[in-house]
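Below: one structure, written as structure tokens.
The values are calculated or read from the model by the stated rules, or taken from the named source; none is laboratory data. Given the structure is predicted, the values throughout are model-derived calculations rather than measurements. Every residue, glycine among them, receives a Cβ derived from its backbone with ideal geometry; neighbour counts consider all protein chains shown.
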Amino acid sequence: MKIMNMVGAINDALDIKLNEDKNVVVFGEDVGVEGGVFRVTEGLQKKYGVDRVFDSPLAESGIVGTAIGMAIAGLRPVVEMQFCGFIYPAMNQIISHASRMRNRSRGQLETPMVIRMPYGGGINALEHHSESMEAMFGHIPGLKVIAPSTPHDAKGMLIAAIESNDTILYMEPKRIYRAIKQEVKTGKFTIELGKANVVTPGNDITVVTFGAMVREVQKAMVMAKEMGISVELIDLRSIYPIDRETIRNSIKKTGRILTVTEGPMSFGLGAEISQIAIEEAFLYLEAPPARVSGYDVIVPLPKGEHHYMQDAYKILYEIERNVKY
Amino acid sequence: MFKEYNPINKLMFQVMDNHGKIIDDKLMPKVTDQRVLKAYKDMLFARTADLQIVNYQRQGRIFTYPPNYGQEVISGATASIIEEKDWLVPAFREMGAMLSKGVTLKELFLLFMGYEEGNAYKNAKKVLPISVPIASQLLHAAGIGYEIKYNKKKELVYAFVGDGGTSEGDFHEAINFAGVWKVPVIFIIQNNQYGISTPVSMQTASESLAIKALAYGVKGIQVDGNDYFAMLKVLQESKKACENGEGPILIEAVTYRKGAHTTSDDPTKYRTKEEEESWHKKDPLDRLNKYLQDKGLWSDKEEEKIIEQFKKEVDRQFIEAENFPEYKPEEIFKYMYSETPQELKDQEHKLMEFYRWKSEKIAQTSKK
């Protein structure tokens, strides 16, 4: 065991895979000499050399497109998008090729690669640095989308992602990169992709969330407890595929469900989970599935961001409404 | 000029040496002493502001900021030639050019303090907002160029990008479109040697950035971007060419980012002191200062005095920005559509309801 924050845990996972598999390469903008703008890849170039950990030209489509070629040819690239808002030039490569190559070639070609990307708000950033577009990515057939909420999960999920034969978008909640420290197992371990985590069992309402919002829900739970409301907290870990079973079992117990996500509301993850709730546990529901999300607006610049963000009070507000329904 | 300095000849256009001496009088742009002096003062203002903003940032009074330090002449020469009728399409390190178009320092402060109002220029026309997604703005410049040509207007577009931006697909598409359409756009690459930590040598295998022009069939030129006169001369010739229907033009202005990429960056991680010092000798303002002092147009005393005035002015506008009204919740919805859809009105209503509930809740808790 070693005390780590999420940055350290991701670095550790990369280190382990670089050490163990010579086909793993890590590249992207400023990931080499500088070790990434968030220092996630710090020290790795020094340890593994410029052929395995390197700075690319400034071109996101180029990074993802070349990674696809490498993956088809047998490497296991782990590439970094510097910020969530900079991934859009690479969307063509993600949607048109990374997510399709296996199906297109009837399984002859594979693209085992991981696209790492810090996402989410709450860090007082410039425009294009605060988005949370998990629903958009989850909507791309052929792509897996995952997001850890703790250093432990970050490490185990990333190792699993690198070992997976699919293309995986690994969303890193940058707001809690350094905010949470915990004991993380040293050496290699994996967390099965596609399985949600019941963080805290409870009886009155199920709250489903992921990434940086897990912590916000936990803050709301403290207040809810004072009001006598017992919350079951589920950390999705995987946005696609989504763990229906865990959601179903939880609703059967609590009879209520609330989703908490950072992205815009319409066509969001909340709507998807709500439909799952209806399909899987309709007769158990005692209130309409509820959601806390962003609004259908551009994430405001720092001075207005608090109006957009989902804090403990917004979550408590919906918990209270739902339980009283 | 474009023939002689065809990028294939590997020449960088220069008029003034590092000591402020004119290399060849015949190369000088047409410009009055008064205009040069004004340009110098404006650039000094930009530098004063820039250095002060970095201090404000350290005091926690402003968020992440990308300094212009060391690159002032590229914007300064653009300021000397751009007219009210012309368009400015900035990247994010063109303070001087933006101020010359009527953008205020206060507006720039507001943006970096986290208000969208910082993009709503009250007195500046034909300036696009700062563009964060690298190189994407260049295609807009080509599109504006199309409108100018379409309506037979006598306008120009000055569009900026950094060296890192030349690796993005949008850069290549923009120069290509503009080349096919033969539109009056002057693309200016501020080659400050680094895209965050990545040196130009890792962005491209090309001999220069200017040489990329040839592949798209447009005129290109490399210029010393720390040499006010060279920069101005190249812009004057580019303007002339565009007016004769020979646009677009691709200018590579060679400079050095003396500061960090942004206030979140630490250049000591990827640059040596020796390298920084070697560029220090080519400082764009020092060179013009020496030229002006040699001609008896400027003195250290005047400089000291004016910097004091500038500091006060910068501070005045900063404090004005700091006193900007509180960001109201309705503002996040207000500008999304020409007419706000009912869906969004409902979301706004819900947010207001939440705020009412929250204040009651907090009041209750504090009573307990």
Practice task
Among the numbered conditions (1) at pLDDT below 95; (2) not assigned by TED's automatic domain parsing to the domain that holds B:Asp294, tell me where B:Thr64 comes up short.
Solution key: (2)
Handout entry: In segment B:242-259, residue farthest from the other protein chains (Cβ to nearest Cβ) [restricted to those that are within 21 Å of B:Phe160 (Cβ to Cβ) and surrounded by fewer than 19 Cβ atoms within 10 Å (Cβ to Cβ)]
Key = B:Glu243
Completion exercise
Here the qualifying pairs (Cβ atoms under 9 Å; residues six or more apart or on different chains; first in segment B:13-36 and part of a strand (DSSP E or B); second among the small types (Gly, Ala, Ser)) come out as B:Phe13/B:Ala230; B:Met16/B:Ala230
Completion exercise
Flagged in segment B:149-167 as touching a residue at least 60 places away in the same chain (Cβ under 8 Å) and surrounded by 17 or more Cβ atoms within 10 Å (Cβ to Cβ), in numbering order, are B:Glu155, B:Leu156, B:Val157, B:Tyr158, B:Ala159, B:Phe160, B:Val161, B:Gly162, B:Gly165
Exercise for the section: Take A:Val33 and decide whether it is within 24 Å of the chain's Cα centre (by Cα) and either modelled with pLDDT of 95 or more or within 14 Å of chain B (Cβ to nearest Cβ) (or both). Expected result: no
Handout entry: Some residue of segment B:242-261 being part of a loop (DSSP other than H, G, I, E, B), farther than 30 Å from B:Asn176 by Cβ and without any contact (Cβ under 8 Å) to a residue 40 or more places away in the chain
Key = no
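Table: residues versus (1) touching a residue at least 40 places away in the same chain (Cβ under 8 Å); (2) assigned to a helix (DSSP H, G or I); (3) surrounded by fewer than 21 Cβ atoms within 10 Å (Cβ to Cβ); (4) outside the structural domain of A:Tyr170 (by TED's automatic domain parsing).
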position	(1), (2), (3), (4)
A:Asp15	no, yes, yes, no
A:Gly32	no, no, no, no
A:Arg39	no, no, yes, no
A:Lys47	no, yes, yes, no
A:Pro57	no, no, yes, no
Handout entry: Number of the exception - A:Asn92 against (1) within 14 Å of chain B (Cβ to nearest Cβ); (2) outside any loop (DSSP other than H, G, I, E, B); (3) buried (at least 19 other Cβ atoms within 10 Å of the Cβ)
Key = (3)
Problem - Residue within segment B:120-135 that is more than 13 Å from chain A (Cβ to nearest Cβ), within 21 Å of B:Gln190 (Cα to Cα) and not in a loop (DSSP other than H, G, I, E, B) present - result: yes
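Residue by residue through segment A:161-172, note down the ones that are among the small types (Gly, Ala, Ser) and surrounded by fewer than 20 Cβ atoms within 10 Å (Cβ to Cβ). Working first, answer last.
If we filter segment A:161-172 for residues that are among the small types (Gly, Ala, Ser), which is where we start, we get A:161, A:164.
Scanning segment A:161-172 gives a single hit, A:Ser164.
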Exercise for the section: Would you check which residues across segment A:257-278 are of a type in the set (A, V, I, L, M) and in a loop (DSSP other than H, G, I, E, B) and list them? Expected result: A:Met265
Practice task
Return yes when B:Lys273 is assigned by TED's automatic domain parsing to the domain that holds B:Gly96 and over 24 Å from B:Phe92 (Cα atoms) and no when it is not.
Solution key: yes
Fill in the blank from the handout: Of those in segment A:257-272 that are in contact with a helix residue (DSSP H, G or I) (Cβ under 8 Å, 6 or more places away or on another chain) and within 10 Å of A:Val208 (Cβ to Cβ), the residue surrounded by the most Cβ atoms within 10 Å (Cβ to Cβ) is A:Ile257
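Let's see how each residue does on (1) surrounded by fewer than 19 Cβ atoms within 10 Å (Cβ to Cβ); (2) under 21 Å from the mean Cα position of the chain (by Cα); (3) outside any loop (DSSP other than H, G, I, E, B); (4) not β-branched (Val, Ile, Thr):
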residue: A:Glu280; (1), (2), (3), (4): yes, no, yes, yes
residue: A:Glu286; (1), (2), (3), (4): yes, no, no, yes
residue: A:Tyr295; (1), (2), (3), (4): no, yes, no, yes
residue: A:Lys303; (1), (2), (3), (4): no, no, yes, yes
residue: A:Ile315; (1), (2), (3), (4): no, yes, yes, no
residue: A:Glu318; (1), (2), (3), (4): no, no, yes, yes
residue: A:Arg321; (1), (2), (3), (4): yes, no, yes, yes
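Here's the yes/no breakdown for (1) closer than 27 Å to B:Lys358 by Cβ; (2) buried (at least 23 other Cβ atoms within 10 Å of the Cβ); (3) not assigned by TED's automatic domain parsing to the domain that holds A:Ile10:
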| site | (1), (2), (3) |
| --- | --- |
| A:Val217 | yes, yes, yes |
| A:Glu226 | yes, no, yes |
| A:Ser230 | yes, no, yes |
| A:Asp235 | yes, yes, yes |
| A:Ile242 | no, no, yes |
| A:Gly255 | yes, no, yes |
| A:Ser274 | yes, no, yes |
Handout entry: From the options B:Tyr56, B:Tyr5, B:Tyr65, residue that is farther than 28 Å from B:Met113 by Cα, of a type outside the set (A, V, I, L, M, F, W, C) and out of contact with any Gly (no Cβ under 6 Å at 6 or more places or on another chain)
Key = B:Tyr5
Practice task
Go through segment A:298-315 residue by residue and tally those that are more than 8 Å from every other protein chain (Cβ to nearest Cβ) and touching a helix residue (DSSP H, G or I) at 6+ places or on another chain (Cβ under 8 Å).
Solution key: 5
